[in-house]
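Where a number appears in this text, it was derived from the coordinates with a stated rule and is not lab data. Note that the structure is predicted; figures quoted are calculated from it, not measured. Here the Cβ positions follow ideal geometry from the backbone for every residue, glycine too, while neighbour counts run over all protein chains shown.
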Amino acid sequence: MEPFDPAELPELLKLYYRRLFPYAQYYRWLNYGGVVKNYFQHREFSFTLKDDIYIRYQSFNNQSDLEKEMQKMNPYKIDIGAVYSHRPNQHNTVKLGAFQAQEKELVFDIDMTDYDDVRRCCSSADICSKCWTLMTMAIRIIDRALKEDFGFKHRLWVYSGRRGVHCWVCDESVRKLSSAVRSGIVEYLSLVKGGQDVKKKVHLSENVHPFVRKSISIIKKYFEGYALVGQDILENKESWDKILALVPETPMHNDLQQNFQKHHSSLQRWEYLKKAASQCPSNIKNEKCGPWLEWEIMLQYCFPRLDINVSKGINHLLKSPFSVHPKTGRISVPIDLQKVDQFDPFAVPTISSICHELDAIFTSEVEKEENQAESDIKHRTRDYKKTSLAPYVKVFEQFLENLDKSRKGELLKKSDLQKDF
Amino acid sequence: MRTTRAGVGGRKIRGRDLRASRFRFRFYKKSPATREGGCQALCVVEFAVVAGNKMEFSGVKRRKPWLIGDQRKASYPHSLQFYLQPPSENISLIEFENLAIDRLKLLKSVENLGVSYVKGTELYQSKLEAEIRKLKFSYRESLEDEYEPRRKDHISHFILRLAYCQSEDLRRWFIQQEMDLLRFRFSILPKDKIQSFLQDSHLHFEAISEEEKNLREQEIIASSTSLGGPKLELEYVYKIPFADALDLFRGRKVYLENGFAYVPLKDIVAIILNEFRAKLSKALALTARSLPAVQSDERLQPLLNHLSHSYIGQDYSIQGNAGKISLDQIDSLSTKSFPPCMRQLHKALRENHHLRHGGRMQYGLFLKGIGLTLEQALQFWKQEFIKGKMDPDKFDKGYSYNIRHSFGKEGKRTDYTPFSCLKIILTNPPSQGDYHGCPFRHSDPELLKQKLQSYKITPGGISQILDLVKGTHYQVACQKYFEMTHNVDDCGFSLNHPNQFFVESQRVLNGGKDIKKESIPPETPQPKQSAQKTKNASSALASLNSSLEMDMEGLEDYFSE
């Protein structure tokens, strides 16, 4: 892959926005079938330009307007905000208090830095294939809950471009949810509580809610490979002391301290811990006997950590899919839910790599093509298809297909009710 | 025919003087509504406004015939309701007042019981039931002849909406007490009556079938903390869109599947209360918008204003202790016996040699209440203001007049009474540069914490106070402050007035009541606290009730003047 140099961004972005950004699909998404008047026109976008110039309340009339503006301004970053009561670019002309955010997709942002206390391989903005499994588990757990518990049908998962993933829930009813309900959803999905000064962040009650139980089943599939082998969380005294900090001070605590020495791998030590936890004497009622302790440790090390502030505000701005990450050059691409386990953030195309691919193809095609004007248009509509961006756009198109299907179904239902034939 | 005090004058005579009724009728001739005479028949058109409809002035209004037997039962099928429909009958102004006062008494009791006892416990429930029964409101389904109490409940609720829709604080208070009342009534509703109540209230909660229940039995039991053991067959389970069960699903207290929450009957209460709160909140906002039309009715305006500001208790205007304080005692008294609101006002006055109008009123009247004479007050304020480089003549011209005015020696010559806690909390919030108000209500929690630290309150005490503030129990927070600064486990009174704080403080410091405890206040383990609460709450409630009567008399006197 072509190495990415941030200094080249202005040139690269120019090419990207002219030839590669999938405007048609993007507009198809945010227009939502044009069912609601001015839905796209009232959507806020924000651009971050060169030298960190940040402009909010951008809005556009239609797809071609969007294209022109993006090509003109060449934004380094694009964020998507809410659908407002008026055109955001005219918000200053609106009477005070009348300009309100009305609808927006329900969004989630999962960031690897929130796991720094439980991953040993990397910290802060760094990621590697070992800790990426945290994102895989997060996607599986959250997506299952959104789909099976909440009944949300249209969920788009996107790689953020550096160290995390975003989820956009686009169901019609979801876009209308209040801030209170959004907060409630995040609360439902939260299990890991506490900041730096809290050692034990997960506490389970005797009654284990089905959501928790199902999440644990998912974690179990990955725990050995991720935590015991990859992260090696019980490798040595320094690392297993952190686990022991989660075990209440009881005879079991000392027992583990001593016996961990005798074992030779994290795998063995974990097996021992599980046995010890389930065999606790019956007279100690309050200490977690049975599988709870084991589950609490697994959850603290593997369960997703959400940022409630991103999800609860209707007017919150979030990085747009197909936006470029200015530091890594990676494109924020949709993640194929059917192939979550195989997703590799390091294989995601960077803007320099796809521009390079495009250049290579273009030069060879121009040699063949005789009608220049015709080839220009053809190129614009199919350029991305010739690059590594193509499969990701396909995932996006599948998502759009599902949205369309739902919409048609809804319209049919409505017209049936009204007895329109 | 004099028309200036006509509104009040009309109330002067309690309905027997035909001349008076004709007088009243003539006053309202301009509005076509009350065409019919008769001193008792007043068209209560305001309720049409409450429901959001335009005010309707119909022509000749026929008095509704008395409902008999089944008709009465049909109009109020349950002992509790959501108050969805406003009443549409005629009532007399007397009844209007009485209903309002009674319901206010009830809601105040609800508030006090809620702070003195843990809600939902047996003691709380039985006390609340006693209060409701005493005031003759409805509560239980199975009793005979429920029509009158239910009707009273219905109408009085709507009357109070008029008084309590006017500000955010009033609305919040009203909604909180009405919710607690509804929660109690629902808790004593027999199970078999619940379904019909829900249906009649148009709440679309579908109970699921046995097979559906069986499919999800494990999950439902695992999710609900209120279900004890595998007794699901006996329980109704309702299927509700998840967004309608916010308080349940956010804490994972209910089973969610495909966008629906499967809620056992026991947990339905939380949802119902939420529905109720949302509906009432909307209704109050609507009422507030229509209020100007109602307030222009001069029969109602004084009553409504008085209701929403009504203070229950002593007013500390009687100065039996006048002249017993000397000016040089004030500095030390301010740290020992003043409530925090007055302590901070005194400090600000000493530091800035000035106070703005709000502060002068609140603090000046308080000083009057603790026993300062007019002469002392004039000297006190003048001394301080002069230190701020104020010209003595300017003081005499500008400020002394106001001080004399507040002592009732000028102008209207009303002897103004010191502000109660409620008045301080609810009216005239302080802005930048002001020092009046209630620190527990108006201070930012961080600043409050610092202030309490500077007053040498222990960290444990501070966190208890902050918790109470978070729960909007401002006066109880002040009671806690009292307890911490006077080193007693229980202050022994229910705080309603800053001067009461002072009186009680002096009592503790100068002997008299043997409240001082030997031991250091422990970390207040729960059982002990509630036991203490009940011991003193009953005495507090008793004193509250007696003072309630005092003030209600005052309310009636006001109208019969």
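When peptides A:251-259, B:481-489 are ranked by their average number of other Cβ atoms within 10 Å per residue, the highest-first order is B:481-489, A:251-259. Here the stretch B:367-386 is scanned for amide nitrogen atoms under 20 Å from the site 7 Å beyond the Cα of B:Asp396 along Cα-to-Cβ, giving B:374-386. Translational diffusion of the stretch A:194-296 was estimated from the Stokes-Einstein equation, with Rh taken as the Kirkwood radius over Cα pairs; at 20 °C and 1.002 mPa s the coefficient is 148 µm²/s.
Can you compute the equivalent ellipsoid semi-axes for the stretch B:71-195, i.e. the square root of 5 times each eigenvalue of the Cα gyration tensor, sorted largest first and rounded to whole Å?
21, 20, 13
Taken over the C-alpha atoms, the stretch A:79-135 has Rg and Dmax values of 19.3, 53 angstrom. At A:Val208 and A:Asn62, where each label point lies 7 Å from the Cα along Cα→Cβ, what is the point-to-point distance in nanometres? Placing both labels 7 Å beyond Cα along the Cβ direction yields 5.7 nm.
Across the options A:His356, A:His154, A:Ser129, the greatest Cα extent toward the positive end of the charge dipole of chain A (unit charges at beta carbon of Lys, Arg, Asp, Glu) belongs to A:His154.
With Rh defined as the Kirkwood radius, the inverse of the mean 1/r over Cα pairs, the Rg/Rh of the stretch A:103-159 is 1.04. Shape index of the stretch A:13-70: Rg/Rh, with Rg the Cα radius of gyration and Rh the Kirkwood radius from the inverse mean 1/r over Cα pairs, equals 0.99.
Label positions at A:Asp341 and B:Lys389, each projected 7 Å from the Cα along the C-beta direction, are separated by 8.1 nm. In the stretch A:1-147, taking the dipole from charged Cβ atoms about the Cα centre, the farthest positive-side position among A:Tyr57, A:Phe21, A:Tyr39 is held by A:Tyr39.
Under conditions of 25 °C and 0.890 mPa s, the stretch A:1-145 yields 135 µm² s⁻¹ as its translational diffusion coefficient, taking Rh as the Kirkwood radius over Cα pairs in the Stokes-Einstein equation. For the stretch A:111-208, the alpha-carbon radius of gyration amounts to 1.21 times the rule-of-thumb value 2.2 N^0.38 Å expected for a compact globular protein. Using R0 = 41 Å, the C-beta based FRET efficiency linking A:Thr93 and A:Arg144 works out to 0.35. For the stretch B:185-193, 3J(HN,Hα) computed residue by residue from phi via the Karplus equation (6.51, -1.76, 1.60; θ = phi - 60°) reads 4, 5, 5, 9, 6, x, 4, 6, 8 Hz, glycine and proline entered as x. Put in line by how crowded their Cβ is, counting other Cβ atoms within 10 Å and starting with the fewest, A:Arg19, B:Arg172 read B:Arg172, A:Arg19. Counting only other chain Cβ atoms within 10 Å of each residue's Cβ, the peptide B:243-254 averages 5.
The convex hull around the C-alpha trace of chain A, projected and averaged over every direction, spans 26.5 square nanometres. Look at where the Cα atoms of the stretch B:242-267 and of the stretch A:34-86 average out, and the two centres are 37 Å apart.
Binning the C-alpha pair distances of the stretch B:176-289 at 10 Å intervals from 0 yields a P(r) profile of 13, 44, 33, 9, 2, 0 %, listed from the shortest bin outward.
Could you pull out every residue, at least 5 positions away or on a different chain, whose amide H is within less than 5 Å of the one on B:Glu235? Hs are placed 1.01 Å off N in the peptide plane, and Pro or chain starts have none. Under 5 Å from the amide H of B:Glu235: no residue qualifies.
Mean per-residue shielding of peptide A:179-191 is 4, counting Cβ atoms of other chains within 10 Å of each Cβ.
The A:Asn402 and B:Phe186 beta-carbon pair, evaluated with R₀ = 51 Å, returns a calculated FRET efficiency of approximately 0.75. Mean per-residue shielding of peptide A:202-212 is 4, counting Cβ atoms of other chains within 10 Å of each Cβ. Summarising the amide proton neighbourhood of A:Tyr57: residues at separation of 5 or more, or on other chains, whose placed amide H is nearer than 5 Å comprise A:Phe45. For the stretch A:113-182 and the stretch B:439-505, what is the separation of their C-alpha centers, rounded to whole Å? Centre-to-centre (Cα) distance: 44 Å.
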